[in-house]
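Bear in mind these aren't lab numbers, they're just calculated from the coordinates by the rules spelled out. Because the structure is a prediction, the values reported are computed rather than measured. Glycine gets a Cβ as well: all are built from the backbone with ideal geometry, and neighbour counts include every protein chain shown.
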Amino acid sequence: MNRKLTEEEELAVCQYLDWLDKIGTSARLHMIRGCANAILLQMHSDQSLPIPLVGEHWARHFMERHPEYHIRKQYRIDSDRKNAHNEESILDWFGWYANVCDKYGIQTSDRYNFDETGFRIGMGRDQCIITGDPTRQAYLGSSTNRELITVCETISADGHVLPPMIIIPGIIHQEHWYTETKIPDDYCLSVSETGYSNDHLTMKWITHFDLFSRRRQIGAYRLLLLDGYGSHCTREYIEYCDNAKIIPFCLPPHLIHLRQPLDVVVFLSYKYYDTQAIEAATRTGCAEYDKAEFLTAIHSIRQQTFKVPTVCSAFHATGLVPYNPDAVLPKLRETLVSDAPPTTPPHSATTLPQIPLTSLSLKQQGDHLQTLAANLNLLPEFQEQLGRVLRGGMVQALPGDQAVADLGQTKAAEKVRAARQKSRRIVQKGRVLYAHQARSMVKQKEEAELQKAEIALRRAQAAMAKA
């Protein structure tokens, strides 16, 4: 029989299928075909000849040659019905998870959860306001930008969070993303035409995860909890994990909302603080909340979201650390009550702003006058009238000072935005960049341009001297 794959290459496909079974996800025929084509691409050495890709029916012929693998129909059923009768498989999954952690000696700090979440740039949400007019219709101008940015986040069971990978819609890295936003150097930025992840970016992310999680690794193996998205199941991805001693452990479908730590606790707060940032920018005169505005705010948003108690509570709520399947089972028959942040701003321990100088001066002078009037034994009617005048003055002065302060914040925000020149200069087309790499490239370009300008100036000076 004329086969495009050798016996050894078909054995590699078998190992791939065994790996998928091992990490708890299900292979489909198109994934088998994709694995075969990836092997052919890897083994293809003669660039003058086309790559001999397998045909549409190759996967079924492969199944006939390997009867140890079976095709089973995967039925789609109502999520509530699935939750109602799936307790046994839930316990099986938890037992499997515990066995893997015990078998490989995986420490708490080496257990990670990865997930992606999307942000629609500029899309805030309705807010409650305080007004003395019950009939008032209140509106706040909002950006019409609807572009999607995907942020890949990773947390560990001991409360640590790794630097994110941010996927921006587009095909080029723009200079002002790095020079005007002050995002941390270890943030990883990439571009894709859709703003979504793909197989290529997933491979870039796993190397990013390996780099930063290895720095704090304690045991020999790391456990990576993730969903069964197709990009997490490619042969290249699993092979990389195997070589790096990373154990990808898939969460079962349909129950991600109960067992994914990031989904259960963290991402609700993440979205909340993002909308707060959009509203704050809008109230300070931001007419267009764009990619640069998002990149400017993202570090502050993450600092508010990824606090150690919050991250640890995410693993606790899903019964993963400490190990407790009972944390999930009662939720199967009830609506998940999320730990979303309250509609009012989170409590802050910071002190209130100091009273503006004009109001403070008025209060100090008023106190002095009242003391003086009492010491001089002036008429009680006069002292009472003086008190009313001073209180009225404070009522007028305080709102005026607050309005001035608000205006100052708006002007300051506008000044910062104006300072972001948002040049259209390109750093790089495509691929993935860390912020420190991009800034280094910008600096090199600026130094090269400066050298050219100095050379041109010296030539002009020399020409003038000769003349």
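Things worth noting here:
- Counted charge near GLN383, where neighbours are those whose Cβ lies closer than 15 Å (Asp, Glu -1; Lys, Arg +1): -1
- Charge tally around PRO325: other residues with Cβ under 13 Å, Lys/Arg +1 each, Asp/Glu -1 each, net -2.
- Ranking of LYS307, LYS204 by count of other Cβ atoms within 10 Å, fewest first: LYS307, LYS204
- Förster-model FRET efficiency, 41 Å R0, ASN99 and SER300, C-beta, rounded to 0.05: 0.50
- The label point for MET203 and the one for ARG28, both projected 7 Å from the Cα toward the Cβ, are 2.1 nm apart.
- The Cβ shell under 11 Å around LEU251 holds other residues with a net charge of -2, Lys and Arg each +1, Asp and Glu each -1.
- This ranking places TRP177, TRP19 by how few other beta-carbon atoms lie within 10 Å of each, fewest first, which gives TRP19, TRP177.
- Neighbour-count ranking [beta-carbon atoms within 10 angstrom, fewest first] of CYS233, CYS312: CYS312, CYS233
- For the pair MET441 and GLU56, label points projected 7 Å from Cα toward Cβ lie 4.0 nm apart.
- Over 29 Å between alpha carbons, listed pairs LYS4/LYS245; LYS204/LYS452; LYS182/LYS429; LYS307/LYS445: LYS4/LYS245; LYS204/LYS452; LYS307/LYS445
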